[in-house]
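Working notes for the structure below.
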Amino acid sequence: MTMPSHTACLIIIGNEILSGRTQDKNLAWLAKELNEIGIRLSEARIIPDHTQIIVDTVNACRTAFTYIFTTGGIGPTHDDITSNAIAKAFGVRLERNQKAEAILQRHYGTEKLNAARLKMADIPAGASLILNPVSAAPGFRIENIFVMAGVPSIMQAMFAGFRHELKGGAKMLSKTLSAYITEGVIAERLSAIQDQCPDVEIGSYPFMRQHRLGTSLVARSTDAAKLDAACRRIKDLLLSLTQDVVEEDWAA
């Protein structure tokens, strides 16, 4: 397939994700939201709370994708180091942002706004704030990088606030055809269909339902006509082997 013109990478930051203690719920949600505005989530990376690894990952990704989104590591504790690491990646100071401090002041009040919470007002110089309507502590944007909280409800609220600023292309369309046929039976002919339809991405995914093996074939393209043409070929292939074929249309 032709590479999409608007791409994104999600960098998930947190030892708790890598240890298995916390399960990430942001990737699938963000991928679907980005597709709605024609941005392809092309890559996701999960990295630890380690300053140099964050710096290296951000610098490797920010020139390779249209947009970079990060989640995690912007809270008040000692292991929340994302803001500092991103400042280092850009070679700028981490400084107390007066607008962010005022937001925290209104939210917590003078008595509860301690030094740890004030740390959440430290933002890389030149960055703009991403507002947080859930728990006040803001994220930030610097160039093409959007830095958000790891808590799904907060991340989603932050994303909603800047979604309109993102520029995308054509929406990715998808169709799924499933049948109780194993991959080995259709692999050779499916490969030929992929060669005949280079502008359609075709994926093969085995499943087991009711103790029966089957395969779901997912075709994806931004061109509806080419997608339909590929799906007709896939359906003909499946129908040549079984009459029990299930079709599904969705965007992803």
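What to note about this one:
- Here's how it looks for THR7: its modeled amide H is under 5 Å from those of ARG40, THR66, TYR67, which are all 5 or more places away or on a different chain.
- Evaluating 6.51 cos²θ - 1.76 cosθ + 1.60 at θ = phi - 60° for every residue in segment 156-165, the Karplus couplings come out as 5, 5, 4, 4, 4, x, 10, 3, 5, 7 Hz, glycine and proline recorded as x.
- Charge dipole (Cα centre; +1 on Lys/Arg Cβ, -1 on Asp/Glu Cβ; no other charges) of segment 54-100 amounts to roughly 220 debye.
- Overall form of segment 1-62: oblate. Here a/c, set by the Cα gyration tensor axes a ≥ b ≥ c, is 1.5 or more, and a/b is not larger than b/c.
- Put simply, when 156-162, 88-94, 144-150 are sorted by average Cβ atoms within 10 angstrom per residue, most first, you get 144-150, 156-162, 88-94.
- Under the simplified labelling scheme, the MET208-PHE162 pair shows an inter-label distance of 4.4 nm, with each label point 7 Å from Cα along Cα→Cβ.
- Using θ = phi - 60° in the Karplus curve 6.51 cos²θ - 1.76 cosθ + 1.60, the 3J(HN,Hα) couplings for segment 117-126 round to 5, 5, 4, 6, 9, 8, 10, x, 4, x Hz; x is entered for Gly and Pro.
- Between segment 22-40 and segment 71-150, the C-alpha centres lie 23 angstrom from each other.
- With the simple spin-label model, which puts each label point 7 Å out from Cα in the Cβ direction, the GLU33 to ARG21 separation comes to 2.5 nm.
- In range of the label at HIS107: residues from segment 148-190 whose backbone nitrogen is under 14 Å from the point 7 Å along Cα→Cβ: 148-159
- Working note: Karplus 6.51/-1.76/1.60 with θ = phi - 60° gives segment 131-142 the couplings 5, 10, x, 8, 10, 6, 4, x, x, 7, 10, 9 Hz, where Gly and Pro are set to x.
- Taking the DSSP bridge list for segment 45-154 and keeping only pairs wholly inside it, about 70 percent are antiparallel.
- In nm, spacing of pseudo-spin labels at ALA60 and LEU239 (7 Å Cα→C-beta vector): 4.7
- The lysines whose alpha-carbon is closer than 20 Å to the alpha-carbon of LYS226, local same-chain residues fewer than 8 away aside, are LYS171, LYS175, LYS235.
- Residue separation of LYS226 and ALA44 scaled by 0.36 nm, minus their Cα-Cα distance, works out to 62.8 nm of gained length.
- GLU95 long-range amide H proximity, modeled H, under 5 Å: ILE123, ALA125
- Carbon and sulfur %, accessible surface of the chain computed with the full protein complex present, 1.4 Å: 51
- Against the criterion of solvent-accessible heavy-atom surface with a 1.4 angstrom probe, TYR180, TYR67 sort, most first, into TYR180, TYR67.
The values are calculated or read from the model by the stated rules, or taken from the named source; none is laboratory data. Computed from a predicted structure; not experimentally measured. Reconstructed Cβ throughout: ideal geometry from the backbone, glycine too, with neighbour counts over all protein chains shown. Accessible surface areas use protein heavy atoms only, side chains included; no ligands, DNA or RNA. Shrake-Rupley method; radii C 1.70, N 1.55, O 1.52, S 1.80 Å.
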